[in-house]
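Read the structure below first, then the notes.
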Amino acid sequence: MKNYIIIILFISIFSSCLRDRIDKRQLKIINTTSSDIYSIKSENGKLQKPYYNYYLDSIRADSTYFIENLFPSWNELIERSTDKKLTIFIIPKDSVYKYGWDKVYKNKIFIKRYLIDMKYLEDNKWTILYK
């Protein structure tokens, strides 16, 4: 019984510490075009294949998409980025279908690159408007 109490106490302390470090702010990307796109964030300013495979949601034409960065915080992510700017690449969905992700990364196929820092995010109300 004592072990359960200790475990519950440990979990509650750990979760409260972690909850304080979770960044709940979201980056909003508004796609005002008539084409579906992908957005990829990069800390080093380069469009490169990630270290791990993950599923990317496309941003549908004329719609809004939210990017979360729960941990590390947006501040930490930007601080450790090259020149303290996070890069957001916009990639046409039809290019991914045409060439595949490997060629997109290898040939650096993107249509727009945003360099964002905390000032940019605050000035633009955490929104990227892609036209």
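The values are calculated or read from the model by the stated rules, or taken from the named source; none is laboratory data. All of these numbers come straight from a predicted model, not from anything done at the bench. Note that each Cβ is placed from the backbone with ideal geometry, even for glycine, and that neighbours are counted across all protein chains shown.
Quick notes on this structure:
- Considering each residue of the range 99-116 in turn, at least one proves to be of a type in the set (S, T, N, Q), free of Cβ contacts under 8 Å to residues at least 24 places away in the same chain and farther than 21 Å from R25 by Cα.
- Any chance D57 is part of a loop (DSSP other than H, G, I, E, B), within 22 Å of M118 (Cβ to Cβ) and at pLDDT below 90: no
- Qualifying residues in the range 1-40 (those that are in contact with a helix residue (DSSP H, G or I) (Cβ under 8 Å, 6 or more places away or on another chain) and either β-branched (V, I, T) or at pLDDT 85 or above (or both)) - the one surrounded by the most Cβ atoms within 10 Å (Cβ to Cβ): I37
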